[in-house]
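Novice: The structure that follows is given in the form of structure tokens.
The values are calculated or read from the model by the stated rules, or taken from the named source; none is laboratory data. Please read all numbers here as calculations on a predicted model, not as lab measurements. When we count neighbours, we look across all protein chains shown, and the Cβ atoms used for this are built from the backbone with ideal geometry, even at glycine.
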Amino acid sequence: MQLAGRAGAMVIAAAGGTRKTDIARRLGAAIAVDYTEPGWAEQVRSVVGGINVVFDGVGGRIGAESLDLVGEGGRFVPYGMASGAFTPLPEAELRARRVSVVRSPPRDAGALNDLTRRALAEAVVGRLHAVVGQTFRLDQAADAHAAIASRITVGKTLLLVRHDGADEGRLEH
């Protein structure tokens, strides 16, 4: 999202809950909608019409609604299933709308290494910021996993091997 915005894209974020939409706005989303609210996809469509590219990390029903927002000739990039299911891909409909499904990440190790180097270079100069939403002590790994599975987390969840107590529960970006 951060890199797309810097490259000139109008970034629209769909996230579950106010806490997550607020973070998306802070990271540069022009529009951030709460996909737990009814009518979120129609809200997006009324503002921007069809979307050129959708990155889908949620899958399931939310992913299907996101896929419906992809405009003629657009691209859909599924990369996760936080909802517990992948987004269904209706092949005939996608062909009729000329929507390309782009698998992510690249399967070529060299290309993935290049993208990683570029992202780290952006982070080094302060143009890309990691979101660490919460931290847990290593002996709380089960709690961390439960928080992720319940989808109450934001950003990355870190397990702290050495713990002094000062960083626990912090939210930053």
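Novice: Looking only at residues in segment 121-138 that are assigned to a helix (DSSP H, G or I) and touching a Leu at 6+ places or on another chain (Cβ under 9 Å), which one is surrounded by the most Cβ atoms within 10 Å (Cβ to Cβ)?
Specialist: Only one residue fits best here, namely Glu122.
Novice: Residues being at pLDDT 95 or above and touching a Gly at 6+ places or on another chain (Cβ under 7 Å): count how many of those fall in segment 1-22.
Specialist: Residues that pass the stated criteria total 1.
Novice: Condition first: β-branched (Val, Ile, Thr) and outside any helix (DSSP H, G or I). Can you find one or more residues in segment 13-30 that meet it?
Specialist: Within segment 13-30 (the criterion being β-branched (Val, Ile, Thr) and outside any helix (DSSP H, G or I)), the answer is no, since none of the residues qualifies.
Here's the yes/no breakdown for (1) of a type in the set (Lys, Arg); (2) assigned by TED's automatic domain parsing to the domain that holds Arg6; (3) out of contact with any Leu (no Cβ under 9 Å at 6 or more places or on another chain); (4) assigned to a helix (DSSP H, G or I):
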{"position": "Val53", "(1), (2), (3), (4)": "no, yes, yes, no"}
{"position": "Gly73", "(1), (2), (3), (4)": "no, yes, yes, no"}
{"position": "Met81", "(1), (2), (3), (4)": "no, yes, yes, no"}
{"position": "Thr87", "(1), (2), (3), (4)": "no, yes, no, no"}
{"position": "Ala92", "(1), (2), (3), (4)": "no, yes, yes, yes"}
{"position": "Arg95", "(1), (2), (3), (4)": "yes, yes, yes, yes"}
{"position": "Asn113", "(1), (2), (3), (4)": "no, yes, yes, yes"}
{"position": "Thr116", "(1), (2), (3), (4)": "no, yes, yes, yes"}
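Novice: Can you confirm whether Ala146 is assigned by TED's automatic domain parsing to the domain that holds Asp22 and modelled with pLDDT of 90 or more? Before you say what the answer is, go through the steps one by one.
Specialist: Working: assigned by TED's automatic domain parsing to the domain that holds Asp22: no; modelled with pLDDT of 90 or more: yes.
Considered against the rule, which asks whether it is assigned by TED's automatic domain parsing to the domain that holds Asp22 and modelled with pLDDT of 90 or more, Ala146 comes out as no.
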